[in-house]
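Enquirer: Below is a structure I'd like to ask you about.
Computed from the coordinates by the stated procedures, all read-outs in this text should not be read as laboratory data. Keep in mind it's a predicted model, so treat the numbers as computed, not measured. Reconstructed Cβ throughout: ideal geometry from the backbone, glycine too, with neighbour counts over all protein chains shown.
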Amino acid sequence: MKPIDGIIRILQIVLPFLKKRDAQHLQEFTELVKSQYDYLMEQLGRFECDYFELSEKVRRMYMEINKLHEQLNEALKNQCQVPGCKERQ
């Protein structure tokens, strides 16, 4: 059950107790709640999409950093360790 269904159900329970002139106001309020809910769900969908795109970019960057770190370690291993070596960088 969606949260909006719960809200609508509550409004349906309250509706009979209200005067008929207030029913129009309640209907307008219900429509406002529904439109706000739809808007928030749309925003949540966009946020979710952006989050997963960013998460993928971070994952790729992390993999690249690890790859560069491994290459640096390999290059350092291949350097001459003798203090007076002419090939030492």
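Enquirer: Testing the spin-label approximation: label points 7 Å from Cα along Cα→Cβ at GLU56 and HIS25. State their distance in nm.
Expert: 5.0
Enquirer: Counting every Cα pair in segment 19-81, what percent are over 20 Å apart? Intermediate values should be presented prior to the final figure.
Expert: Numbers: 1240 of 1953 pairs.
Tail of P(r) above 20 Å: 63 percent of Cα pairs.
Enquirer: So if R0 is 35 Å, what FRET efficiency would LEU76 and LEU44 give, r being the distance between their Cβ atoms, rounded to the nearest 0.05?
Expert: Values: r = 47 Å, r/R0 = 1.35.
In this case the efficiency is close to 0.15.
Enquirer: Could you calculate the contour length gain from ASN66 to ILE8, that is, 0.36 nm times the residue separation minus the distance between their Cα atoms, to one decimal place in nm? Could the numbers behind the result be given before it?
Expert: Values: separation 58, 0.36 × 58 = 20.88 nm, distance 5.21 nm.
Between ASN66 and ILE8, full extension yields 15.7 nm more.
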